[in-house]
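Let me begin by presenting the structure, written as structure tokens, before commenting on it.
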Amino acid sequence: GSLALAAGTPQLGQSVTLALDDPTNQFSVGIPSFLALSGAPGAGFPGGLSLPGFGLGPVATAGQLLVPATSVLLAGPLYSGAPSPTLIPIPNQAGLVGASLYVQGAIVDTLQLRVGLTQAVELKIGS
């Protein structure tokens, strides 16, 4: 997939590694990526808001916005052409047990002037 849990489990005080990828190989190498994090899924999850031209694939492929537009945005690694890992720390706060964190990635191709949205991942936080 285009965003996957690569290592770790979402437990208090631990970290998980998410791997962001373009399995279609349509995006340039060495370009920025971002992760959007939210405590709630976007409307229609696991579907989403269809955005023409924001898919991973040929130009004009539709992508889906799967997290709210008000999500927290984190800079990810430069996309390497292979799954690019990002470490996400889980705070050691008891109130987070049982909560879900929804994460969606975006690859921003500054050479082709396009953005590709990944799949979303739901991380259910345990103790």
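The values are calculated or read from the model by the stated rules, or taken from the named source; none is laboratory data. These numbers were taken from a predicted model, which means no experiment stands behind them. Every residue, glycine among them, receives a Cβ derived from its backbone with ideal geometry; neighbour counts consider all protein chains shown. Areas reflect the complete protein model, heavy atoms only, side chains present, ligands, DNA and RNA absent. Shrake-Rupley method; radii C 1.70, N 1.55, O 1.52, S 1.80 Å.
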Original post:
List the pairs whose first member sits in the stretch 65-76 and is more than 13 Å from Thr118 (Cβ to Cβ), whose second member is among the small types (Gly, Ala, Ser) and assigned to a loop (DSSP other than H, G, I, E, B), and whose Cβ atoms are under 6 Å apart, counting only residues at least 6 apart or on separate chains?
Top reply: Pro68/Gly42
Original post:
Out of Gln104, Gln119, which single residue is outside any loop (DSSP other than H, G, I, E, B), open to solvent by less than 30 Å² (accessible area, probe 1.4 Å) and either in contact (Cβ under 8 Å) with a residue 60 or more places away in the chain or of a type in the set (Val, Ile, Thr) (or both)?
Top reply: Gln104
Subject >> Unique match (being of a type outside the set (Lys, Arg) and within 20 Å of Ala40 (Cα to Cα)) among Leu73, Leu113 >> reply: Leu73
**OP:** Could you list, in sequence order, all residues of the stretch 49-85 that are open to solvent by less than 50 Å² (accessible area, probe 1.4 Å) and over 14 Å from the mean Cα position of the chain (by Cα)?
**Re:** Leu51, Gly53, Gly57, Thr61, Gly81, Ala82
**OP:** Out of the residues in the stretch 12-35 that are under 11 Å from the mean Cα position of the chain (by Cα) and hydrophobic (A, V, I, L, M, F, W, C), state the one that is nearest to Gln104 (Cα to Cα).
**Re:** Leu35
Subject >> Filter result (open to solvent by 40 Å² or more (accessible area, probe 1.4 Å) and outside any loop (DSSP other than H, G, I, E, B)) within the stretch 10-36 >> reply: Gln11, Ser15, Phe34
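In this structure, does Ala4 turn out to be in contact with an Asp or Glu (Cβ under 9 Å, 6 or more places away or on another chain), under 21 Å from Pro85 (Cβ atoms) and not in a loop (DSSP other than H, G, I, E, B)?
Yes; evaluated as a whole, the condition is true for this residue.
Residue by residue through the stretch 64-81, note down the ones that are closer than 15 Å to Phe54 by Cα and either assigned to a strand (DSSP E or B) or hydroxyl-bearing (Ser, Thr, Tyr) (or both).
Taking the stretch 64-81 and keeping what is closer than 15 Å to Phe54 by Cα, we get 64-67, 69.
Passing the criteria: Gln64, Leu65.
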